[in-house]
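J.: One structure is given below, represented as structure tokens, and several questions about it will come after.
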Amino acid sequence: MPEGPDLPGRAEPPPAADEPQALCASSDLEERGLAQVFDVLLWGQPARAFALRFDGRVVAYVNRCAHVPTEMDWQQGQFLDMDRRWILCSIHGAAYEPADGRCVGGPCGRGRLMAIDVREEGGQVSWYPSRDIRPVAFT
Ligand code: FES
């Protein structure tokens, strides 16, 4: 099929749904600093997710508390408590272990955050879609 004209403003095709999705530069994620917030589709519905650096490793989760399915950051990208030790839900104070998303206190019980596979390579952070968590389709 012939390619169409290269029209000004024509959008790049979106990345294929199973390919790694570029998120940010490694240098954008400081140790226990602000998270990078991004959009995903969770079971086909729009949702927010976040990635942050903890003990040198980048971790990513759906921004959805295990207590009540609501976003947890008190300001965009602020997920850690004052001591930068726990991911803290700003609604009722559920605390999660940043390394694995496990609930460690508060009303999240035995719940845990939904992890997103994320990798860092060549100074670039990318996330990997799963069956449940898909990239947002661009139009
Ligand atoms: S909604 Fe997160 S602790 Fe209640």
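J.: Distance from a point 7 Å along Cα→Cβ of GLN76 to each backbone N in segment 30-44: keep the residues under 12 Å and list them by number.
T.: Correct set: 36-39.
J.: Still on this structure, please answer the following. Under 10 °C and 1.306 mPa s, how fast does segment 21-135 diffuse according to Stokes-Einstein, given a Kirkwood radius computed over C-alpha pairs? Answer in µm²/s, whole number.
T.: Details: Rh = 13.9 Å.
For these conditions, the coefficient is 114 µm²/s.
J.: ALA99 to GLN45: FRET efficiency via 1/(1 + (r/R0)^6), r the Cβ-Cβ distance, R0 22 Å, to the nearest 0.05?
T.: Working: r = 27 Å, r/R0 = 1.24.
Taking R0 as 22 Å, the efficiency between ALA99 and GLN45 is 0.20.
Any read-out appearing in this document is the output of simple, stated calculations on the displayed coordinates, not a laboratory observation. Since the structure is predicted, the reported quantities are computational estimates derived from the model, not experimental observations. Glycine gets a Cβ as well: all are built from the backbone with ideal geometry, and neighbour counts include every protein chain shown.
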